[in-house]
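Engineer: Next up is a structure, given as structure tokens.
What follows is calculated from the coordinates using simple rules that are stated; it is not laboratory data. This is a predicted model, so every value here is computed, not measured. Heads up, the Cβs are rebuilt from the backbone with ideal geometry, glycines too, and the neighbour counts pull from every protein chain shown.
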Amino acid sequence: MNYEYQLLRRKQVEELTSLSRSSIYRLMGKGLFPKSKGILGGNIVIWVRKEVEEWIKEQVETAVA
């Protein structure tokens, strides 16, 4: 599997970012977090790992600057 296109479920995103579910959706609503994608007719919500990791990198770089 190509690492760039690995799909993450919400719990995995919470673990990677240390954000709660409500924080993730609040940030998404403000356009400050990668958008989730619905697969299988929207029954499953996923995020692309690369997009989440890029967001984490931006947060670390901003915090250090």
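Engineer: Based on DSSP loop calls and a cut-off of at most 16 other Cβ atoms within 10 Å, the longest stretch of the chain free of exposed trypsin sites (Lys or Arg not before Pro) is what?
Structural biologist: Formally, the longest exposed-site-free interval is 36-65.
Engineer: Farthest toward the dipole's positive end in the chain, which of 41, 16, 64, given Cβ charges of +1 (Lys, Arg) and -1 (Asp, Glu) about the Cα centre?
Structural biologist: The residue sitting farthest along the positive end of the dipole is 41.
Engineer: Measuring from label point to label point, each 7 Å out along Cα→Cβ, what is the residue 22 to residue 5 span in nm?
Structural biologist: It works out to 3.7 nm between the two label points.
Engineer: What is the range 11-60's relative contact order, in percent, from Cα pairs under 8 angstrom and six or more apart in sequence?
Structural biologist: 26
Engineer: Related question: Only Lys, Arg, Asp and Glu count, each charged at its Cβ (+1, +1, -1, -1), so figure out the dipole size of the chain about its Cα centre, rounded to 20 debye.
Structural biologist: 360
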